[in-house]
1. Restricting to the stretch 18-36, name every residue that is surrounded by 14 or more Cβ atoms within 10 Å (Cβ to Cβ) and without any contact (Cβ under 8 Å) to a residue 40 or more places away in the chain.
2. Would you mind finding the one in Leu70, Leu99 that is modelled with pLDDT of 90 or more and within 13 Å of the chain's Cα centre (by Cα)?
3. Read through the list (1) open to solvent by less than 70 Å² (accessible area, probe 1.4 Å); (2) at pLDDT 85 or above, then give the number of the only condition that Ala4 fails.
Amino acid sequence: MADAATSSNDSNELDEIMGRLQSHKGVEGILILNKEGKTIQSTLSEEQTLTHGGRIGKLASRATSLIESLDETDELTFLRIKSKHREILVSPDKSGYLLVVIQNPNASE
């Protein structure tokens, strides 16, 4: 029974975090991926979630491998990708989860 309560608390906390992030100016979508790159939660459409989740998961994995190959004692703590129209922010968690925020840095509202 404690597991169900803990899971419910984690889900509520996750919903709160996603709600706070979504309220920021320019945020277009949020994804949470597990260690295998599978989507746990998303505010994007199903099609966007599959496309973005898979590609961003692979990119984060490669970035992590690159950092570790340069220095075995180092680790990826944040990844930011910026183009003319979008910014993708990836924050890995110690347990292997990825928090991904996709935003329009030029948004006026």
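1. Within the stretch 18-36, Met18 is the sole residue that qualifies.
2. Being modelled with pLDDT of 90 or more and within 13 Å of the chain's Cα centre (by Cα) holds for just one of Leu70, Leu99, which is Leu99.
3. (2)
The values are calculated or read from the model by the stated rules, or taken from the named source; none is laboratory data. On a predicted model such as this, the values are computed, not experimentally measured, just so you know. Don't worry about glycine lacking a Cβ; one is built from the backbone with ideal geometry, like all the others, and counts go over all protein chains shown. Just the protein is used for accessible areas: all its heavy atoms, side chains included, with ligands, DNA and RNA removed. Shrake-Rupley method; radii C 1.70, N 1.55, O 1.52, S 1.80 Å.
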